[in-house]
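What follows is a short report on a single structure.
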Amino acid sequence: MPHNSRIVLIAKLKAEEGLEEGLLSELCSLVEASQKEEGCIQYTLHRFMDVPTDFVIYEIWKNQKSLDEHMLQPHYLNFAFKSASMLAEQPTIDKVEEVIL
């Protein structure tokens, strides 16, 4: 089965009750900056309609190198620092390789 090197991440984040709007603000800044990165194909923020504390980021990166570079960017490191106190639990990140048929 043919495949390519694009990397897909599905990151799930849960805000502490009452801190969801602060986390949303930080997430929006992260998304805006991340979408400008050369290796970013898609970086989309979602919020659960029935659970306003829960967010999902759907990311597609050109390759592993692009993802590695993303995680070293100042906007990513800043988000990680600022969001740590707003999260109810550790984020979960599912990493998959896109399969093109």
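Considered as a group, the residues in region 44-59 that are more than 23 Å from HIS70 (Cα to Cα) and of a type in the set (Val, Ile, Thr) include one that is surrounded by the most Cβ atoms within 10 Å (Cβ to Cβ), and that residue is THR53. All conditions in (1) in contact with a helix residue (DSSP H, G or I) (Cβ under 9 Å, 6 or more places away or on another chain); (2) of a type in the set (Val, Ile, Thr); (3) at pLDDT 95 or above hold for ILE7, with the sole exception of (3).
Residue-wise test of (1) of a type outside the set (Val, Ile, Thr); (2) within 28 Å of ILE100 (Cβ to Cβ); (3) in contact (Cβ under 8 Å) with a residue 60 or more places away in the chain.
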{"position": "ILE7", "(1), (2), (3)": "no, yes, yes"}
{"position": "GLU16", "(1), (2), (3)": "yes, no, yes"}
{"position": "GLY22", "(1), (2), (3)": "yes, no, yes"}
{"position": "SER25", "(1), (2), (3)": "yes, no, no"}
{"position": "GLN35", "(1), (2), (3)": "yes, yes, no"}
{"position": "GLU38", "(1), (2), (3)": "yes, yes, no"}
{"position": "LEU45", "(1), (2), (3)": "yes, yes, no"}
{"position": "LYS62", "(1), (2), (3)": "yes, yes, no"}
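For the residues GLN42, GLN64, the requirement of being of a type in the set (S, T, N, Q) and at pLDDT 95 or above singles out GLN42. Scanning region 85-101 for residues that are of a type in the set (A, V, I, L, M) and surrounded by 13 or more Cβ atoms within 10 Å (Cβ to Cβ) returns MET86, LEU87, ALA88. Remark: pairs (first residue in region 72-84, surrounded by 14 or more Cβ atoms within 10 Å (Cβ to Cβ); second residue not aliphatic (A, V, I, L, M) and not in a helix (DSSP H, G or I); Cβ separation under 8 Å; 6+ apart in sequence or on different chains) = GLN73/GLU37.
Could you check region 46-82 and list, in sequence order, the residues that are outside any helix (DSSP H, G or I) and either over 20 Å from VAL8 (Cβ atoms) or β-branched (Val, Ile, Thr) (or both)?
The initial filter retains those residues of region 46-82 that are outside any helix (DSSP H, G or I), namely 46-63, 71-73.
MET49, ASP50, VAL51, PRO52, THR53, VAL56, ILE57, ILE60, listed by residue number.
Scan region 5-22 and give yes if some residue there is assigned to a helix (DSSP H, G or I) and of a type in the set (A, V, I, L, M, F, W, C), otherwise no. For region 5-22, residues assigned to a helix (DSSP H, G or I) and of a type in the set (A, V, I, L, M, F, W, C): absent.
The values are calculated or read from the model by the stated rules, or taken from the named source; none is laboratory data. Predicted model, so just to flag it, every value in this text is computed and none were measured. Quick reminder, even Gly has a Cβ in these numbers, built from the backbone with ideal geometry, and neighbours come from all protein chains shown.
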